[in-house]
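Here the structure is laid out as structure tokens; the discussion comes afterwards.
The values are calculated or read from the model by the stated rules, or taken from the named source; none is laboratory data. Predicted model, so just to flag it, every value in this text is computed and none were measured. With ideal geometry, Cβ positions are generated from the backbone for all residues, glycine too; neighbour counts draw on all protein chains shown.
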Amino acid sequence: MEILTPRDLKDKFQDPWVAPYQKVLTMVDNDLVEIVEYHPCISGSQWMIYQYQNSSDIVLGAKRDGNRHTFLVKAEKSNLSLKPSLHAAGIEEVSVGDDEVKVVHAGLAGAGVGAAMCRGMAEGVKRVELHDVGGGSKVGRATVVTPRMEKLVIGIDDTDTKDEGATWTLAHNVGAELARQGYEYLDHITVQLYPHNPNKTQNCVGIALVFAVKPGEKDEVIQKVVELLKKGTLSDKTAIAVLEGINVPEKLRSYGEAAKKSMLTVEEAEKVAEEVGVELVEVTGSQGKIGALAALGMYNDIEEAVKVYY
């Protein structure tokens, strides 16, 4: 086994058949790990989604958005048995330490090159334990080691008025500003809420911003979001809701579905938030708690999130 940093790998493998991944992040929630990878290709990465889901029994789910693919995995060993074309690549094992996550990738031929060299060159990787180089007809196998991170989702609502403003753009600009400050801003989800709400400004949506944060970083990210919203909001009803971890509690999901189909009250939002352990923060007021909490309930199902219920 050879232990190499991303810089070591780039110096050692300057071959035209190696394409470095852009970034790799891993977020931990008990025995669940969410792996986010930015692939060198765009739709080409769909092949990885298919192979990993069909080859590794510890992969619970996989999805692609552009060149970013996300795997939800269990922190344990897989019964991986590689076969050309049918099961050409997968995850052999995921283990979680106090401050880092180890993911063992394996693949045949080109998939092995991706498992070892391509991933190992990505931003966010601490080091790679290179077991087998791969390429040609050979197996490639490597343990990719990344810092242990956590998932933080912040719901936002009620930042505009009937005369001006837009919650989705303000929310994105908040996330983009945090990215400029060095935080990992992963995603922005627009969640359609009840269209017949008489209090709406127009389209009636809430927003969820997704971050990968270092341990101990959560509170400062929340505080920065609140500060930026206070500067940018035009409403006296702005509020946020904060969800830590990967899973969406069933009761929170049900609340999000209800908020898409009916009128709900601030008191109902506060009750559900307390029951599921979600923090609600008034930025300029309390009305935004309803949509902010609902955005958390739907953030991980983007197709359902945007549906309109009449």
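Computed values, structure above
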read-out: Flag for K83 being surrounded by fewer than 18 Cβ atoms within 10 Å (Cβ to Cβ) and modelled with pLDDT of 95 or more; value: no
read-out: Members of the range 227-261 found to be aliphatic (A, V, I, L, M) and surrounded by fewer than 17 Cβ atoms within 10 Å (Cβ to Cβ), listed by number; value: A258
read-out: Any hit, the range 239-253, residues being more than 21 Å from the chain's Cα centre (by Cα), assigned to a helix (DSSP H, G or I), among the small types (G, A, S) and closer than 18 Å to G165 by Cβ; value: no
read-out: Positions within the range 287-299 being surrounded by fewer than 24 Cβ atoms within 10 Å (Cβ to Cβ) and at pLDDT 95 or above, in sequence order; value: none
read-out: Test: V191 is in contact (Cβ under 8 Å) with a residue 24 or more places away in the chain, assigned to a helix (DSSP H, G or I) and among the β-branched types (V, I, T); value: no
read-out: Check on A259, at pLDDT below 95 and either part of a helix (DSSP H, G or I) or more than 21 Å from the chain's Cα centre (by Cα) (or both); value: yes
read-out: Any strands (runs of 3 or more DSSP E) falling wholly within the range 24-102 and containing at least 1 residues that are under 22 Å from P6 (Cβ atoms) and either touching a helix residue (DSSP H, G or I) at 6+ places or on another chain (Cβ under 6 Å) or touching a residue at least 24 places away in the same chain (Cβ under 8 Å) (or both); value: 32-38, 68-74, 89-96
read-out: Long-range neighbours under 6 Å by Cβ, at least six apart or interchain, first residue under 29 Å from V28 (Cα atoms) and not assigned by TED's automatic domain parsing to the domain that holds E279 within the range 241-266, second of a type in the set (G, A, S) and assigned to a strand (DSSP E or B); value: none
read-out: Enumeration of residues in the range 274-289 that are more than 12 Å from I240 (Cβ to Cβ), in a helix (DSSP H, G or I) and touching a residue at least 24 places away in the same chain (Cβ under 8 Å); value: E275, V276
read-out: Residues of the range 159-181 that turn out to be modelled with pLDDT of 90 or more and farther than 17 Å from D219 by Cα, as a count; value: 10
